[in-house]
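Written out below as structure tokens is the structure these notes cover.
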Ligand code: UGA
């Protein structure tokens, strides 16, 4: 099928690339013309595992095209995926101006009926407003149908998640829209694709469920999923604080409670808390949406509060361990909001960096992918690709992101380079016993 994707950020680019790799003809557009030029030149503007590979193979198969001309993209597809940003406004609610702008463009430029699919994360009832805007701006002549098709892709494993989803949710108002979306996702549902992630055979996971709901339900499913996961993380973090006070070990506790299938072991990792451009903004948008209809989403406010306090708790640990922070050289390992991405938006590490710099520390940061982006925001810090260079002469190693390379660090070697053998671990990557045996002062979350 011919498809259009508006917005070439994390969501749009992955969606466009994967749909093209699944055999569709996809045209992608973005208001950032430089980004389109980059893509046309075969450059991938974001780091996402396997994305470069599938963009190259889709281009070779002539399944993916780029244009800075939104009208061209709009006219190309039978279905148009809206993947533009919905950033938070100062009051926490989602800024939907980009969606509104795209609706006006579609209404003005489309020359045939279109299925308009909202992929961006939006508050419930956006689909209804989108339908209203399309109809108003096209003066009722467009023949547009609207659907909500939320994405559940995790950054870092987005391509894998796209080809192996748990569920594909389509919120529609008419059965034809559901059928069109089922057709778009048929290669995924029937597993008829060459998997870019698993070269031999894909793991035997259960088949994706194709769920047809109302548009408002689909929009709610997305916000409710992300908020629930955020809630789980904050719960684990509150338990970690209790463990510290009462002498428990949070890893033992969360592992045991997670074995109950009603709870599940995932998203119970205590530490510096959640960041990124999804959880922090989605939880706020959900709270704000609830407030507009008179529902006080107290439980989510608490989850957000707990999460913000994680940075305070981390700084307390650093201050307690170092006594005086001013003038100390510290190695900050990990800048991205989580491993396997270069995304630093709302990354806990950046807030830690800011506070350390404000306190007068000499920060030597490293990250496998996010250095360039961080440098632009904090030119006052020193940056290293090699963690051992960051650790050399440092009075403390501060772990902020759970990158595999940091899990596998040679601490014996690092210890010899450091001015003081102190590790403050914001991601609970190491065994306290082993670190102690290596002669380190070791501080983590929720463990003795
Ligand atoms: C999240 C959701 O997991 C996706 O399903 C969703 O599609 C996406 O948001 C989105 O709305 O676009 P993502 O933001 O990529 O994906 O990252 P996660 O893997 O969910 O991690 C979020 C944050 O929580 C990270 O900072 C991570 O370090 C933290 N986290 C995660 C914990 O602190 N503890 C955990 O146990 C798990």
Checked segment 254-322 against the a/c 1.5 cut and the a/b vs b/c comparison, axes a ≥ b ≥ c from its Cα gyration tensor; verdict oblate
The chain: antiparallel bridges as % of DSSP beta bridges, rounded to 5, reads 5 percent
Return the single residue from 372, 160, 179 with maximal mean-square fluctuation; model: Gaussian network over the chain, springs between Cα atoms under 10 Å.
-> 372
Under the rule rounded for a/c under 1.5, else prolate if a/b exceeds b/c, else oblate, using alpha carbon gyration tensor axes a ≥ b ≥ c, segment 1-85 is classed as rounded
Once every DSSP H run of n ≥ 4 in the chain is given -39500 (n - 2.57) and the sum is divided by its residues, what mean residue ellipticity at 222 nm do you get, rounded to the nearest 500 deg cm²/dmol?
-> -13500 deg cm²/dmol
What order do you get for 161, 166 when you list them from fewest to most C-beta neighbours inside 10 Å?
-> 166, 161
Ordering 112-119, 89-96 by per-residue average of other C-beta atoms within 10 angstrom, highest first, gives 112-119, 89-96
Taking the chain as the reference, fit the longest principal axis to its C-alpha atoms, fit the long axis of helix 215-246 to the helix C-alpha atoms, and give the angle between the two in degrees, 0 to 90, nearest 10.
-> 10 degrees
Yeah, the chain with a ≥ b ≥ c from its alpha-carbon gyration tensor (a/c under 1.5 is rounded, else prolate when a/b outruns b/c, oblate otherwise) is prolate
Normalising by the residue count of segment 87-234, find the relative contact order in percent from Cα pairs under 8 Å and 6+ residues apart.
-> 25 percent
Please build a GNM for the chain, connecting alpha carbons under 10 Å apart, and tell me which residue among 312, 342, 32 fluctuates the most.
-> 32
Ordering of 129-142, 407-420, 191-204 by burial proxy (mean other Cβ atoms within 10 Å per residue, highest first) | 129-142, 407-420, 191-204
Segments 352-359, 230-237 sorted - mean Cβ within 10 Å per residue, highest first = 230-237, 352-359
So how do 27, 1 line up by other beta-carbon neighbours within 10 Å, fewest first?
-> 1, 27
Calculated Rg and Dmax of segment 291-448 using C-alpha coordinates, Å = 16.2, 59
Hey, what did the chain get for relative contact order, percent, Cα under 8 Å, at least 6 apart?
-> 12 percent
By count of other Cβ within 10 Å, fewest leading, how are 421, 43 ordered?
-> 43, 421
Mean-square fluctuation maximum in Gaussian network of the chain, Cα pairs under 10 Å, restricted to 65, 378, 314, hits 378
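Each reported figure results from applying straightforward, stated rules to the coordinates on display, with no laboratory input. Computed from a predicted model, the values in this text were never measured in an experiment. Heads up, the Cβs are rebuilt from the backbone with ideal geometry, glycines too, and the neighbour counts pull from every protein chain shown.
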